[in-house]
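Before any comments, here is the structure.
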Amino acid sequence: MDNVLSASLQYNNVVLLFGPPGSGKGTWGKILGMMPGFYHVSTGDMFRMLDVESELGLHVMEMIHKGELVPDEDAFNMWQGHMKNAALVGSFRSQRDVLVLDGFPRTPCQAAMLESVATVRMILQLDCTDRELLVARLRRRAVLEGRSDDANEQVIRHRLNVYEQQIHQTLSYYPKELKAFIDVSLPPVRILAEIGRALEKCLTCT
């Protein structure tokens, strides 16, 4: 990756989606990404698009299948490379578009890396207290979408544990006023309304 070119990009309007597996980050991120002036990036999808025949692809997929986190530097470099390509082809306009990040940053180290190139305007914390609801959603997704990383319940619960261990440290990196809790056990129309209210509040202040 050309670090000089990648580092030249600055992201002035960033919204972060935080949430455990099964919380719907990908779904809501894609919905936001369809809005004019928004650009959605899912690091999970980005990792799954890697060439599994390559050394990096094999390593990343091995980590995902175990329910472990991809190393910080690998995650940051792959994201930077993706954003550089998006800017080059014109699908992302760094000076105007709201960048919605789903799955990045996952650790305090990644948050610090992101801070060097981005201004975070809002954090949408998609979550609920019922972990069994999330497990059920992931098992259903494994059947409907053929997601092998969701097929093993032991791996699912390990992924939830890894998220719990990491998320508090990462969220504590950001000030309280940037965070909005969204209860994903609510009906979808209410979730959408809550997300809309949070975004309206933060984006009208920029």
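The values are calculated or read from the model by the stated rules, or taken from the named source; none is laboratory data. Because the structure is predicted, anything quoted here is derived from the model rather than measured. As a convention, Cβ positions derive from the backbone with ideal geometry for all residues, glycine included, and neighbour counts pool all protein chains shown. Please note that ligands, DNA and RNA were not included when accessible areas were found on the heavy atoms of the full protein model with its side chains. Shrake-Rupley method; radii C 1.70, N 1.55, O 1.52, S 1.80 Å.
Any residue at all in the stretch 144-158 that's among the hydroxyl-bearing types (S, T, Y) and open to solvent by less than 50 Å² (accessible area, probe 1.4 Å)? No, the stretch 144-158 contains no residue that is among the hydroxyl-bearing types (S, T, Y) and open to solvent by less than 50 Å² (accessible area, probe 1.4 Å). For the stretch 74-125, filtered to residues that are free of Cβ contacts under 8 Å to residues at least 40 places away in the same chain and under 30 Å from R157 (Cβ atoms), the residue that is surrounded by the fewest Cβ atoms within 10 Å (Cβ to Cβ) is D74. Are any residues in the stretch 88-103 under 16 Å from Q10 (Cα atoms), in a loop (DSSP other than H, G, I, E, B) and not charged (D, E, K, R), and if so, which ones? Residues satisfying the conditions are G90, S91, F92, S94, Q95. Give me a count of the residues in the stretch 163-206 that are hydrophobic (A, V, I, L, M, F, W, C), in a helix (DSSP H, G or I) and under 17 Å from L17 (Cβ atoms). Within the stretch 163-206, residues that are hydrophobic (A, V, I, L, M, F, W, C), in a helix (DSSP H, G or I) and under 17 Å from L17 (Cβ atoms) number 11. Do we find a residue being farther than 23 Å from L192 by Cα and in contact with a His (Cβ under 7 Å, 6 or more places away or on another chain) anywhere in the stretch 115-125? Within the stretch 115-125 (the criterion being farther than 23 Å from L192 by Cα and in contact with a His (Cβ under 7 Å, 6 or more places away or on another chain)), the answer is no, since none of the residues qualifies. Looking only at residues in the stretch 3-44 that are within 15 Å of L99 (Cβ to Cβ) and modelled with pLDDT under 80, the one that is least open to solvent (accessible area, probe 1.4 Å) is S6.
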